[in-house]
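Visitor: Attaching a single structure in structure tokens format; questions to follow.
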Amino acid sequence: MFTGMNFIVPDRIETGSRIRAAARSVARLAAERADALDRTGGFPEHDIVHCHEAGLLAAPLPMALGGSGLDAPALAPVLLDVLAEVGRGSLALGRLYEGHVNALSLILRYASGPVLERLVADIRAGHLFGVWNTQPQSGGLDLDPDGTGRLAGVKSFASGAGSVTRPLVTARRPDGRQQMLVVTLEPGTRADLSSWCAHGMRASTSGVLDFTGLSVDAQAAVGEADDYFREPHFSAGAWRFTAVQLGGIEAVFDSLRTHLVATGRGGDPHQAARLGEAAIAVETARLFVGRAAAMAADPDAEPARVIAYVNLTRLAVERAGLDVLERAQRSVGLAGFLQTHPLERLMRDLATYLRQPGPDRALTHAAAHVLADDRPADALWRDHRDEGTLDRSPVDRQPDCAA
């Protein structure tokens with residue numbers, strides 16, 4: 001047993017160290033460029049190229065396909081750190097990279113052999129992938145019923161519009177079910193960014209894509225109808241964007257702390273209290289995201305429990321982010337709202353990215369699970385397999401006096 005462990009663990013440690021180092025390098029340069037890209041149409045093109053050169057775009061692929069196995073369950077803690085690191089450098093880049101990782105995860109899970117082989121070549125060539133499922137309430141994207149494979153309709157809030165060249169989209173088939181397709185796009189085509197006048201996350205270039213008239217062949221299809229919505233992966237995968245949000249929260253926290261040190265105001269008891277409360281919020285978010293990542297990566301975990309916990313994580317991270325934003329704004333004051341202050345863009349980007357869809361539904365879904373579960377609070381999110389690995393408290397280790 002120990003021989004096997006000695007063979008496997010160092011390899012994972014080496015892989016994790018290498019990918020984390022690559023993410024730090026990408027995040028550092030992205031942070032330096034982020035202010036200049038804080039404008040309409042300011043897509044982080046050079047950062048995406050850096051991601052490719054650093055191996056991050058291909059990293060989710062198994063090693064046998066030229067990646068680093070970042071999508072493997074065993075590397076979930078590494079993926080968490082990578083997503084948070086990139087988000088800490090630039091939330092806009094983090095959003096784009098998380099969409100790329102999400103697309104690759106779906107492709108690796110559902111694509112047939114020939115489709116996977118073709119897409120792997122595109123991944124290794126440096127194409128940016130993304131997942132575009134959102135569409136207007138009226139309309140959407142349809143796969144032409146005449147059998148020609150022609151598309152008609154649009155996708156909205158498509159992050160990386162005009163720059164993502166291999167989006168994974170959902171299209172309505174003639175039978176009403178949704179089919180995943182990876183579409184080939186040329187840079188700068190079919191994108192309308194005129195509606196993306198956002199408060200923050202401007203560099204994510206989230207726009208409307210019109211696919212009308214574009215033809216796709218059978219090699220574009222990923223999986224079967226409605227595979228995109230298969231649980232628990234559809235809901236549980238949300239932990240990944242909470243990891244990016246965590247990075248944004250940490251960036252605001254670090255900027256707040258730097259401000260207090262630079263201004264010599266950290267010793268004020270009110271400022272110290274706010275910083276302490278912000279530190280609690282940051283660590284709460286990280287603990288939730290870490291637990292969610294571990295549960296989502298566990299093939300033996302109860303699907304309903306995983307979904308419920310990830311939904312709680314979404315709200316816990318949102319709350320932590322809002323708490324840190326409030327403490328930072330109160331501590332720094334009006335200066336933090338000036339464009340010349342490092343906090344100004346960080347706060348706008350975080351406030352915008354925290355607005356994820358369906359937060360109330362996620363919370364009530366998790367509450368319904370808790371209500372129906374008869375396990376006590378200490379066992380709600382921990383199954384019997386954890387019991388043997390928990391450290392016993394000092395009291396438990398005391399000798400039995402009655403013996």
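Visitor: Right, Arg39: assigned by TED's automatic domain parsing to the domain that holds Pro167, surrounded by 19 or more Cβ atoms within 10 Å (Cβ to Cβ) and touching a residue at least 12 places away in the same chain (Cβ under 8 Å) or not?
Guide: Considered against the rule, which asks whether it is assigned by TED's automatic domain parsing to the domain that holds Pro167, surrounded by 19 or more Cβ atoms within 10 Å (Cβ to Cβ) and touching a residue at least 12 places away in the same chain (Cβ under 8 Å), Arg39 comes out as no.
Visitor: Here is a follow-up. Which residues, counting only those in the stretch 56-87, are out of contact with any Leu (no Cβ under 9 Å at 6 or more places or on another chain) and either outside the structural domain of Glu98 (by TED's automatic domain parsing) or surrounded by fewer than 18 Cβ atoms within 10 Å (Cβ to Cβ) (or both)?
Guide: Passing the criteria: Met63, Ala64, Gly66, Pro73, Ala74, Pro77.
Visitor: Among what's in the stretch 25-55 and is part of a loop (DSSP other than H, G, I, E, B), out of contact with any Ser or Thr (no Cβ under 9 Å at 6 or more places or on another chain) and not acidic (Asp, Glu), pick the residue that is nearest to Val86 (Cα to Cα).
Guide: Kept after step one, since they are part of a loop (DSSP other than H, G, I, E, B), are these residues of the stretch 25-55: 35-44, 54-55.
After this cut, where a residue has to be out of contact with any Ser or Thr (no Cβ under 9 Å at 6 or more places or on another chain) as well, the list is 35-36, 38-39.
Those left that are additionally not acidic (Asp, Glu): 36, 39.
Details: Ala36: 17, Arg39: 19 Å.
By that ranking, first place goes to Ala36.
Visitor: Still on this structure, I have one more. Which residues, counting only those in the stretch 342-356, are of a type outside the set (Val, Ile, Thr) and in contact (Cβ under 8 Å) with a residue 40 or more places away in the chain?
Guide: Pro342, Leu343, Arg345, Leu346, Met347, Arg348, Asp349, Leu350, Ala351, Tyr353, Leu354, Gln356
Visitor: Answer yes if at least one residue in the stretch 133-154 is in contact (Cβ under 8 Å) with a residue 12 or more places away in the chain, under 29 Å from Gly247 (Cα atoms), buried (at least 24 other Cβ atoms within 10 Å of the Cβ) and assigned by TED's automatic domain parsing to the domain that holds Phe211, and no otherwise.
Guide: The answer is no, given that none of the residues of the stretch 133-154 is in contact (Cβ under 8 Å) with a residue 12 or more places away in the chain, under 29 Å from Gly247 (Cα atoms), buried (at least 24 other Cβ atoms within 10 Å of the Cβ) and assigned by TED's automatic domain parsing to the domain that holds Phe211.
Visitor: What is the one condition in (1) assigned to a helix (DSSP H, G or I); (2) closer than 30 Å to Asp142 by Cβ that Asp254 does not satisfy?
Guide: With (1) assigned to a helix (DSSP H, G or I); (2) closer than 30 Å to Asp142 by Cβ applied to Asp254, the lone miss is (2).
Visitor: Gly139 fails exactly one of the following numbered conditions: (1) modelled with pLDDT under 95; (2) under 25 Å from Glu98 (Cβ atoms). What is the number of that condition?
Guide: Unmet condition: (2).
Visitor: Which one of the conditions (1) part of a helix (DSSP H, G or I); (2) within 16 Å of the chain's Cα centre (by Cα); (3) among the charged types (D, E, K, R) does Asp11 fail to meet, given that it meets all the rest?
Guide: (2)
Visitor: Quick check on Gly94: is it within 21 Å of Val289 (Cβ to Cβ) and either under 21 Å from the mean Cα position of the chain (by Cα) or surrounded by 24 or more Cβ atoms within 10 Å (Cβ to Cβ) (or both)?
Guide: Judged against the criteria, Gly94 is a match.
Visitor: Right, another one. Restrict the check to the stretch 272-281 and report whether at least one residue is over 30 Å from Asp383 (Cα atoms), outside any loop (DSSP other than H, G, I, E, B) and touching a residue at least 60 places away in the same chain (Cβ under 8 Å).
Guide: no
Visitor: May I ask you to say which residue of Ala92, Ala121 is touching a Lys or Arg at 6+ places or on another chain (Cβ under 8 Å) and of a type in the set (A, V, I, L, M, F, W, C)? I'd like the intermediate steps shown before the answer.
Guide: On the way: Ala121 fails: touching a Lys or Arg at 6+ places or on another chain (Cβ under 8 Å).
The conditions single out Ala92.
Visitor: Restricting to the stretch 97-130, and then to whatever is within 19 Å of Leu80 (Cα to Cα) and of a type in the set (A, V, I, L, M), can you tell me which residue is surrounded by the most Cβ atoms within 10 Å (Cβ to Cβ)?
Guide: So, considering only residues that are within 19 Å of Leu80 (Cα to Cα) and of a type in the set (A, V, I, L, M), the one surrounded by the most Cβ atoms within 10 Å (Cβ to Cβ) is Val101.
Visitor: Under 30 Å from Ala198 (Cα atoms) and of a type in the set (Asp, Glu), is that true of Glu117?
Guide: no
The values are calculated or read from the model by the stated rules, or taken from the named source; none is laboratory data. Quantities reported herein were computed from a predicted structural model and do not represent experimental measurements. Here Cβ is always computed from backbone atoms with ideal geometry, including for glycine, and neighbour counts include all displayed protein chains.
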